[in-house]
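The values are calculated or read from the model by the stated rules, or taken from the named source; none is laboratory data. The structure displayed is predicted, hence computed values, not measured ones. Because the Cβ atoms are built from the backbone with ideal geometry, glycine has one as well, and the counts that use them run over all protein chains shown. Surface accessibility is based on the protein's heavy atoms, side chains included, excluding ligands, DNA and RNA. Shrake-Rupley method; radii C 1.70, N 1.55, O 1.52, S 1.80 Å.
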Amino acid sequence: INQAFSIISKLPKLKKLVANHCNMFYLPVAIRKIETLIEVSISDNHIKYLPPIFEYTFWEKLDLSYNCIDTLPSTLVFMNTLKSLNLSYTPAIENKFTYYTVEFLKKLETLKLSGANIIPKEIYKIDFIKELVLTNGTFEKLPEEFQQINNLRKLDVRGCEKLKISDLIESLTGSYATLKDLKIGHKYLNTIPYNISKLKKIISLKIDNSCLEKISSSIARFRGKDISFTRCRFPSPSDVFKEIGKSK
């Protein structure tokens, strides 16, 4: 790995580096020599720690998913160009200090935290985030502090089987005026809750892999332009679509 990165670091115009599924146990420090890098993906390796090199980088996208990382290095706060960070399926999601670090990344727009067992209350520190991906989580609810996030544009909670969608909507109080794109759905979801109408700025609602028996009559007050059903079943289609038919 060291030899490979030593060679790669000499490439004069390299912008994107993907080293997924490479059986890596560490990220070589030679990567900081590639001054042109914008996007780095080291998903699905065995990396536990990251080297303290990030004050020398100008990356915009970083994918650390499916690794053993539980603590982010303090130098990550210097990555003031980072726009997208993927921590899915890493222990770092449940470490409250992760959010103390991420809160300094003020240009960060997209954060991916798929596969989480819990979401720490410290997530409120990233109240500036615009897109949040929480797919396939096993958590039952979002912390009360989630209501302090007030700039969210896109939210994806597909596959979160224990999360009640009605509770989710109540957790989005701070983002009622900004949320435009919501993705929900899992095999146990059988209805769209009554409080969906609270999302006043919603444009797109996507429902995936659900068995919908009914939809609340409040869908008539749905303000969005698009409702999509993907891989869904309808035991009684008329009960679902007669309500959607009332929506303007």
Task: Subset of the range 199-210 (residues that are open to solvent by 40 Å² or more (accessible area, probe 1.4 Å) and modelled with pLDDT of 90 or more) - done: K201, I203, K206, N209
Task: Single residue of T135, T98 found to be under 22 Å from C68 (Cα atoms), over 14 Å from the mean Cα position of the chain (by Cα) and either hydroxyl-bearing (S, T, Y) or open to solvent by less than 10 Å² (accessible area, probe 1.4 Å) (or both) - done: T98
Task: Top-ranked residue in the range 37-67 [being hydrophobic (A, V, I, L, M, F, W, C) and touching a helix residue (DSSP H, G or I) at 6+ places or on another chain (Cβ under 7 Å); ranked as farthest from I93 (Cα to Cα)] - done: I53
Task: Leading residue by the ranking (nearest to D63 (Cα to Cα)) among those in the range 107-126 that are assigned to a strand (DSSP E or B) and open to solvent by 10 Å² or more (accessible area, probe 1.4 Å) - done: K112
Open item on the list: Between a residue in the range 209-225 that is within 12 Å of G245 (Cα to Cα) and without any contact (Cβ under 8 Å) to a residue 40 or more places away in the chain and any residue that is part of a loop (DSSP other than H, G, I, E, B) and β-branched (V, I, T), which pairs come within a Cβ distance under 8 Å, given they are 6 or more apart or on different chains?
Closed with: F222/I202
Open item on the list: Just to check your reading of the model, which residue among I165, I196, I129 is more than 17 Å from the chain's Cα centre (by Cα) and open to solvent by less than 20 Å² (accessible area, probe 1.4 Å)?
Closed with: I196
- [ ] Residues being charged (D, E, K, R) and within 17 Å of T75 (Cα to Cα): count how many of those fall in the range 35-52.
- [x] 2
TODO: Among what's in the range 171-181 and is of a type in the set (S, T, N, Q) and open to solvent by less than 20 Å² (accessible area, probe 1.4 Å), pick the residue that is nearest to P120 (Cα to Cα).
DONE: S171
Task: Of residues in the range 182-193 being in a loop (DSSP other than H, G, I, E, B) and within 17 Å of the chain's Cα centre (by Cα), the one surrounded by the fewest Cβ atoms within 10 Å (Cβ to Cβ) - done: H186
Open item on the list: Take the conditions within 27 Å of L152 (Cβ to Cβ) and of a type in the set (A, V, I, L, M) and apply them to L17. Does it pass?
Closed with: no
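Being closer than 29 Å to L142 by Cβ and open to solvent by 10 Å² or more (accessible area, probe 1.4 Å): is that true of L72 here? Before you say what the answer is, go through the steps one by one.
Numbers: closer than 29 Å to L142 by Cβ: yes; open to solvent by 10 Å² or more (accessible area, probe 1.4 Å): yes.
Yes, satisfied.
Tally the residues that are among the hydrophobic types (A, V, I, L, M, F, W, C), open to solvent by less than 50 Å² (accessible area, probe 1.4 Å), part of a strand (DSSP E or B) and more than 23 Å from T173 (Cβ to Cβ), restricting the search to the range 216-248. Step through it out loud before you land on a result.
Taking the range 216-248 as the starting set, the residues that turn out to be among the hydrophobic types (A, V, I, L, M, F, W, C) are 219-220, 222, 227, 229, 232, 234, 240-241, 244.
Retained after the next criterion (residues that are open to solvent by less than 50 Å² (accessible area, probe 1.4 Å)): 219-220, 222, 227, 232, 240, 244.
Checking the rest, the ones that are also part of a strand (DSSP E or B) come to 227.
Still in the list and also more than 23 Å from T173 (Cβ to Cβ): none.
The number of residues fulfilling the criteria is 0.
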Task: Flag for F104 being assigned to a helix (DSSP H, G or I), under 22 Å from Y49 (Cα atoms) and aromatic (F, W, Y) - done: no
